[in-house]
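Trainee: Please find one structure pasted underneath; my questions will follow.
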Amino acid sequence: MTLDTTVEVTGRRLLDDSSRPDPVESDELLRRIAEQAATVELSQLALEGSALDVLLDRAVILLARNLDVEFANVVQLLSGGDLLVRTCIDLSPDLVPTAHMAGGVAPEVSDALASAGPVVFDDIRCHPRSSGAGFLADHGVVSGMTVRIGASTAPFGLLGAYSTSARRFTPDEVQFLTAMANIVSISIRRARVESELRESEERFRAYLEAAPDATVIVDSAGRIVLVNEQTERVFGYRRDELVGLPVETLLPERLRGVHVRDRAGYVAAPRCRRMGAGLELLARHRDGSEFPVDVSLSPLPAEAGPGVCAAVRDVTERRQAEDARRRLRDFRRQQALEMNDNVVQGLAVASYALDAGDPDGARTSLRHTLDTARQMIGALLVEEPQAAVAPGDLVRARPAAVPCDAALESAAEMRTGDAVRVVLADDTRAVRTLLRIALETKMGFEVVGEATNGQEAIDICREQKPDVVLLDLAMPVVDGLEAIPRIRQASPDTRIVVLSGYGDPQMSNHATRLGADTYIEKGADLDIVAAQLRQLCGR
């Protein structure tokens, strides 16, 4: 072999030796690839939103497998300060994992909760604060490392990897443990945030559903994104029909163009305010009908994105009540004017006629005023013919206040011996007194009792059994309509004569149906009244 040949062969051998991979470097490369694959796998589980227990179980398996340790675990910090083994893998078949570690935590483990980084110990027996007891000693742990999961202000717990033989963990292995803990920490934090968001959304929806008004959430483009149940009731749509539609769907067609313009102006400068203050706002039901509404607007919080919350209240009943009050006010004003023109003026004429010594003129004026007053009462009663007066509707809060001269009362003591026995039931004292004087002194009747309300009339008739009772309708406690059948039951032979200021024929028919024998309007000539009473009693 020549020298050149020797050099060529030797050089080729040297070249072949240098291109051959170093076994140590190759193993290190494979280990790093495996660790990267493990972090990718755990990250993928976290991104998929896997359950926390699944994520923790996989983390300790990957940790033990890639670090080639016998024992790995996740320890959760409880609210009381104790530590709970949340999940662990123990490759030593002779050892039983400990589930709860209260009071038995090794210092080198608890130190990791306060440490900014991982805590690594090559030999636990050489740790300055090692007690030789606790769960690490129970598992025969000699070397290990542990790192906090989560921030120091609110840590979730610890992630650890432990070996039963003495070994020195490399910086790359410590970094791998830290990376796995960071993935778990991020996943836990995201799960907490998602849970808080779900709870916040559930609270918001609960508040939304509890709102008394129809509540419509609209995005910046004017599309409906959320409504509550009250919206379905007010507008007649199902919520799935409304979501995605322009909010102008809930308005009459003639108003939609204007609302689009106004909505754009509100989005440009949103603030809490009433919509269309001072204007009459209208909304549109699904069936096409329109109804008045009040609308309050408020911008959504910044974190919810641009949009508007509209609270819509159907004010149909309120508007109807306002219209009714306005009509009632106008009606009362009109009635006051008619009372002045037709009653007060007539009474004033009668008063002037008496002062002038013209009793016939006064009587004529009073008759005309009575007729006019009855017509007014009749007009009031037929305003709503469907609302018939029922027994009890005419109960007065207090007796009618009409003055009576004391001199007239003394004449009431004059009575005849054999006469028709009469009970007077009227809450107006003057009416009772004048009727007593006229009936006893001029017409030969005997008044055996006076009642100021319907209940007294019933009681007196039950006790006295009179021939006839003159019964007013509008009285306190029990009105005349309610008293008629009860008097008929208490004293069947007593004739019941209604003497009332209500001149409406419907009132007369109503009283007769309840059991009255006849109906006489107040102000009628007393001679005619007396004749009717005698005829009823067969005298």
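The values are calculated or read from the model by the stated rules, or taken from the named source; none is laboratory data. Remember, it's a predicted structure, so these values are computed and weren't measured experimentally. Reconstructed Cβ throughout: ideal geometry from the backbone, glycine too, with neighbour counts over all protein chains shown.
Trainee: Going through 203, 238, 233 one at a time, which residue ends up being of a type outside the set (Ser, Thr, Tyr), surrounded by fewer than 18 Cβ atoms within 10 Å (Cβ to Cβ) and under 27 Å from residue 153 (Cβ atoms)?
Mentor: Step by step, each of 203, 238, 233 is checked, and only 203 is of a type outside the set (Ser, Thr, Tyr), surrounded by fewer than 18 Cβ atoms within 10 Å (Cβ to Cβ) and under 27 Å from residue 153 (Cβ atoms).
Trainee: Right, another one. From 462, 534, 539, grab the single residue that is basic (Lys, Arg), in contact (Cβ under 8 Å) with a residue 40 or more places away in the chain and in a helix (DSSP H, G or I).
Mentor: 534
Trainee: In the stretch 163-187, what residues are touching a Gly at 6+ places or on another chain (Cβ under 8 Å) and at pLDDT below 90?
Mentor: Within the stretch 163-187, just 164 meets the criteria.
Trainee: Further, regarding this structure: Restricting to the stretch 390-437, and then to whatever is out of contact with any helix residue (DSSP H, G or I) (no Cβ under 9 Å at 6 or more places or on another chain) and over 23 Å from residue 521 (Cα atoms), can you tell me which residue is modelled with the lowest pLDDT?
Mentor: Once the filter is applied, the top-ranked residue is 406.
Trainee: Within the stretch 501-523, can one find any residue that is touching a Pro at 6+ places or on another chain (Cβ under 9 Å) and either among the β-branched types (Val, Ile, Thr) or in a loop (DSSP other than H, G, I, E, B) (or both)?
Mentor: Within the stretch 501-523, one or more residues are touching a Pro at 6+ places or on another chain (Cβ under 9 Å) and either among the β-branched types (Val, Ile, Thr) or in a loop (DSSP other than H, G, I, E, B) (or both).
Trainee: Related question: Can you give me the number of residues within the stretch 5-43 that are of a type outside the set (A, V, I, L, M, F, W, C), modelled with pLDDT of 60 or more and surrounded by 12 or more Cβ atoms within 10 Å (Cβ to Cβ)?
Mentor: Result for the stretch 5-43: 8.
Trainee: Another question, then. Of everything in the stretch 296-320 that's within 24 Å of the chain's Cα centre (by Cα) and more than 22 Å from residue 235 (Cβ to Cβ), which residue is surrounded by the fewest Cβ atoms within 10 Å (Cβ to Cβ)?
Mentor: 301
Trainee: Does any residue of the stretch 130-142 turn out to be crowded, with 17+ Cβ neighbours inside 10 Å, out of contact with any strand residue (DSSP E or B) (no Cβ under 7 Å at 6 or more places or on another chain) and either part of a helix (DSSP H, G or I) or modelled with pLDDT of 85 or more (or both)? Walk me through it before giving the result.
Mentor: Kept after step one, since they are crowded, with 17+ Cβ neighbours inside 10 Å, are these residues of the stretch 130-142: 130, 134-136, 139, 141-142.
Now narrow it down to the ones that are out of contact with any strand residue (DSSP E or B) (no Cβ under 7 Å at 6 or more places or on another chain): 130, 134-135.
Now narrow it down to the ones that are either part of a helix (DSSP H, G or I) or modelled with pLDDT of 85 or more (or both): 135.
For the stretch 130-142, residues crowded, with 17+ Cβ neighbours inside 10 Å, out of contact with any strand residue (DSSP E or B) (no Cβ under 7 Å at 6 or more places or on another chain) and either part of a helix (DSSP H, G or I) or modelled with pLDDT of 85 or more (or both): present.
Trainee: Turning to a different aspect of this structure: For the subset of the stretch 155-195 comprising residues that are in contact with a strand residue (DSSP E or B) (Cβ under 9 Å, 6 or more places away or on another chain) and without any contact (Cβ under 8 Å) to a residue 24 or more places away in the chain, which member is nearest to residue 39 (Cα to Cα)?
Mentor: 182
Trainee: Moving to a separate point now. I need the full set of residues from the stretch 436-457 which are of a type in the set (A, V, I, L, M, F, W, C), assigned to a helix (DSSP H, G or I) and surrounded by 23 or more Cβ atoms within 10 Å (Cβ to Cβ), in order please.
Mentor: 439, 457
Trainee: So which residues in the stretch 245-268 are touching a strand residue (DSSP E or B) at 6+ places or on another chain (Cβ under 9 Å) and farther than 17 Å from residue 299 by Cβ, if there are any at all?
Mentor: Correct list: 245, 246, 249, 250, 251, 252, 253, 255, 256, 260.
Trainee: Sort through 64, 112, 59 and tell me the only one that's at pLDDT 75 or above, within 27 Å of residue 32 (Cβ to Cβ), over 54 Å from the mean Cα position of the chain (by Cα) and not in a loop (DSSP other than H, G, I, E, B).
Mentor: 64
Trainee: Any residue at all in the stretch 162-173 that is among the hydrophobic types (A, V, I, L, M, F, W, C), outside the structural domain of residue 271 (by TED's automatic domain parsing) and either assigned to a loop (DSSP other than H, G, I, E, B) or over 28 Å from residue 299 (Cβ atoms) (or both)?
Mentor: So the first thing to find is which residues in the stretch 162-173 are among the hydrophobic types (A, V, I, L, M, F, W, C), and the list is 166, 169.
Among the residues that remain, those that are also outside the structural domain of residue 271 (by TED's automatic domain parsing) are: 166, 169.
Imposing the further condition that a residue be either assigned to a loop (DSSP other than H, G, I, E, B) or over 28 Å from residue 299 (Cβ atoms) (or both) reduces the set to 166, 169.
Checked the stretch 162-173: at least one residue is among the hydrophobic types (A, V, I, L, M, F, W, C), outside the structural domain of residue 271 (by TED's automatic domain parsing) and either assigned to a loop (DSSP other than H, G, I, E, B) or over 28 Å from residue 299 (Cβ atoms) (or both).
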